[in-house]
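The values are calculated or read from the model by the stated rules, or taken from the named source; none is laboratory data. These figures come from a predicted structure and were not determined experimentally. Virtual Cβ from ideal backbone geometry, glycine too; neighbours counted across all protein chains shown. Remember, those area values only see protein heavy atoms, side chains included, never the ligands or the DNA or RNA. Shrake-Rupley method; radii C 1.70, N 1.55, O 1.52, S 1.80 Å.
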Amino acid sequence: MATPLIAGLSVAAAALAGRYGIQAWQAFKARPPTARMRKFYEGGFQPKMTRREAALILGVRESTPADKVREAHRKVMVANHPDAGGSHYLASKINEAKDILLGKTKNSGSAF
């Protein structure tokens, strides 16, 4: 008499656990995707580059020392150099960003 009762309770517990598992999986799949990578600046270039935009391009802070700016410029430039398949436009913007952060700016701005 006790064996069918225990079997019935076991089946009911397994059904509830399965239902909970399915609901948890659906909630997990329905959640909004989170950024797993570093968030990059989304937007175009301003007509006249500012220190803030230059820092965003090189991935440093505006108050970064000159040696760190040069190191960041080198890393970004290696990835975007025109000789390695990069864009001339982006290379000019990266160079302009370095010049602005190092204080070597000209009034003419970018070549483009």
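Does any residue in region 18-43 that is open to solvent by 100 Å² or more (accessible area, probe 1.4 Å) come within less than 6 Å, Cβ to Cβ, of a residue that is at pLDDT 70 or above and not in a loop (DSSP other than H, G, I, E, B) six or more places away or on a different chain, and which pairs are these?
These pairs meet every condition: Y41/L56.
Got at least one residue in region 53-61 being modelled with pLDDT of 90 or more and in contact with an Asp or Glu (Cβ under 6 Å, 6 or more places away or on another chain)?
Scanning region 53-61 turns up at least one residue that is modelled with pLDDT of 90 or more and in contact with an Asp or Glu (Cβ under 6 Å, 6 or more places away or on another chain).
List the number of the failed condition for I100; all other conditions in (1) open to solvent by less than 50 Å² (accessible area, probe 1.4 Å); (2) within 21 Å of K48 (Cα to Cα); (3) within 22 Å of the chain's Cα centre (by Cα) hold.
It is condition (3) that I100 fails.
Can you tell which of A79, A84 is touching a Gly at 6+ places or on another chain (Cβ under 8 Å) and open to solvent by 70 Å² or more (accessible area, probe 1.4 Å)?
Just one listed residue meets the conditions, A79.
Where the second residue is aliphatic (A, V, I, L, M) and open to solvent by 30 Å² or more (accessible area, probe 1.4 Å) and the first is without any contact (Cβ under 8 Å) to a residue 60 or more places away in the chain and lies in region 73-91, which pairs have Cβ atoms under 7 Å and are six or more apart or on separate chains?
Within 7 Å, the pairs are N80/L90.
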